[in-house]
Every structure is written in C-alpha cells, then in structure tokens.
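Please read the structure below before turning to the comments.
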Amino acid sequence: MNNPRRRLLTLGSASCGLLWATGAGSAAPDPNASLATRLRSGGVVIAFRHALAPGTFDPPGFLLDDCRTQRNLDDEGRAQAARIGRWFADQGLTPAQVRSSPWCRCLDTARIAFGAGAVQTWAALGSPRGTSEQAYPEYQTLLRKAAAQRRAQGGFEVWVTHMFVLQDLVGQGVGSAEALVLRGDPRAPDNRTALQVLGHWRLPS
C-alpha cells in the first residue's frame, strides 16, 4: 500500500534537486555587466535621467536656487540614487568626472550616488523647460563636444540630466534612474549624429 507521506517527501526531494540543478536561488546575473566592461574601456559617457521625482514639470515660477519651488526626489527616488552608487562601487568603477544639471532633483541624484564633493554643476545638462531658446541648442552642441573630448581622453564620466535632454540629444529616452552609455565622435563633434548609443543601463534590483 502506498504511503502518502513518503510520496510527498520523495516529490519534495526531487523538486529540490531540480531547483539546485537549474541554479534557482543563485544570484541573478547583472543585466548591466556588458556596460561595466564598456565603462572600464573608457572613452564614453554614461548619461542618467534623474531618479524618481513625482509629478510633471516644475511649478510656474520655480527657482533653480530654491529646491522648495521644484519637483524633488521622493523616498523611492533617493533609494534609486543610492542603488546607482552601490552598483558603481560594487563594480569598482570610478568616473573621471560627475556632472549634473543644476536642477535639484538631478543634483540630489548625483550627490547621493557619488558623493557631494564629486559633483560639478553644468548648465548644459539643464532642462529645456527653464533654459532660454537661444542657449539650449548651444548646450546640446556643448554636450556633443564634451562626449567627443571624453572619447579622446579616455576614462568615463557620468552625466545626470533630464528625459528631454536625452531625447533631444540622441532621440531616445529612459526611465527614472536609468541611463544611456554614449560615445562621441572626435572627427565631427558638432554633427547632430555624432553621438552613438552603446547601451541602456537599467537600475539593478
């Protein structure tokens, strides 16, 4: 006569063996591993959209030097920024430079991730909503030239900016706290097609 308890134990043992054999329970592979290799090779920029800042656009009359008048990171956004920093630390990757839009949500993302002392404010990374129509195209040219210069110099740098800036720069956006790895062309730094997207960095779990 079959023993139901023995049958359950046998099935449980078989299931455990299958999980072990298929590697279940082991650490998930890093989806950004290939991009870590790109960064180590140097000559590139990794351009982040700021971490989560709930809402749409900034309130009318916002001031760049007063964070209380802007959209800001919430608790989840600050946690996302910390995870960005942990990934770079875990990979042993140190940027040659960290530059941020002057908007508070970008500065806070960069400072939480890389430390306040490492971050330089750069107007060229600022949002088009709050930048003059004359200055914004010039800023886009500056960004392309900076990426081309980084390719010539080696190493990698981090930019923290806005979704619209990335879309205008390369025609591609990302989610909050995500990034694009970009490579400039030193032969044609002013060309609108001079930036190549090498990969999409996603926030690790």
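The values are calculated or read from the model by the stated rules, or taken from the named source; none is laboratory data. As the structure is a prediction and not an experimental result, all values here were calculated from the model. A quick note on method: Cβ atoms are made from the backbone with ideal geometry, for glycine too, and the neighbour counts reach across all protein chains shown.
With the condition being over 20 Å from HIS162 (Cβ atoms) and under 16 Å from the mean Cα position of the chain (by Cα), I'd like the helices (runs of 4 or more DSSP H) fully within the stretch 25-139 carrying at least 1 qualifying residues.
33-41, 75-91
Considering only residues of the stretch 173-187 that are assigned to a loop (DSSP other than H, G, I, E, B) and not hydrophobic (A, V, I, L, M, F, W, C), which is surrounded by the fewest Cβ atoms within 10 Å (Cβ to Cβ)?
By that ranking, first place goes to ARG187.
Quick one: would you say ALA110 is closer than 18 Å to GLU76 by Cα, surrounded by 23 or more Cβ atoms within 10 Å (Cβ to Cβ), of a type outside the set (S, T, N, Q) and in contact with a helix residue (DSSP H, G or I) (Cβ under 6 Å, 6 or more places away or on another chain)?
It is false that ALA110 is closer than 18 Å to GLU76 by Cα, surrounded by 23 or more Cβ atoms within 10 Å (Cβ to Cβ), of a type outside the set (S, T, N, Q) and in contact with a helix residue (DSSP H, G or I) (Cβ under 6 Å, 6 or more places away or on another chain).
Closer than 20 Å to SER176 by Cβ, modelled with pLDDT of 95 or more and of a type in the set (Ser, Thr, Tyr): is that true of SER101 in this structure?
yes
Search the stretch 83-94 for residues that are within 15 Å of ARG38 (Cβ to Cβ) and pair each with any residue that is in a helix (DSSP H, G or I) and among the aliphatic types (A, V, I, L, M) when their beta-carbon atoms are under 6 Å apart and the residues are at least 6 apart or on different chains.
As it stands, the answer is GLN91/ALA36; LEU93/LEU39, since those pairs meet every condition given.
Let me confirm something: among LEU142, LEU169, which residue is hydrophobic (A, V, I, L, M, F, W, C) and within 16 Å of the chain's Cα centre (by Cα)?
LEU169
List, please: which pairs have Cβ atoms under 6 Å, are six or more places apart or on different chains, and start with a residue in the stretch 171-182 that is of a type in the set (Asp, Glu) and end with one that is in a loop (DSSP other than H, G, I, E, B) and surrounded by fewer than 18 Cβ atoms within 10 Å (Cβ to Cβ)?
Hits for this filter: GLU178/ARG202.
Among (1) at pLDDT 95 or above; (2) in a helix (DSSP H, G or I); (3) of a type in the set (D, E, K, R); (4) out of contact with any Leu (no Cβ under 9 Å at 6 or more places or on another chain), where does LYS145 come up short?
Evaluating LYS145 over (1) at pLDDT 95 or above; (2) in a helix (DSSP H, G or I); (3) of a type in the set (D, E, K, R); (4) out of contact with any Leu (no Cβ under 9 Å at 6 or more places or on another chain) leaves (1) as the failure.
Taking the stretch 57-71 as the region of interest, how many residues are buried (at least 17 other Cβ atoms within 10 Å of the Cβ) and without any contact (Cβ under 8 Å) to a residue 60 or more places away in the chain?
The qualifying residues number 2.
Within the stretch 131-170, which residues are free of Cβ contacts under 8 Å to residues at least 60 places away in the same chain, hydroxyl-bearing (Ser, Thr, Tyr) and closer than 18 Å to ARG49 by Cβ?
Once the filter is applied, which keeps residues that are free of Cβ contacts under 8 Å to residues at least 60 places away in the same chain, hydroxyl-bearing (Ser, Thr, Tyr) and closer than 18 Å to ARG49 by Cβ, the stretch 131-170 yields THR131, TYR136, TYR139.
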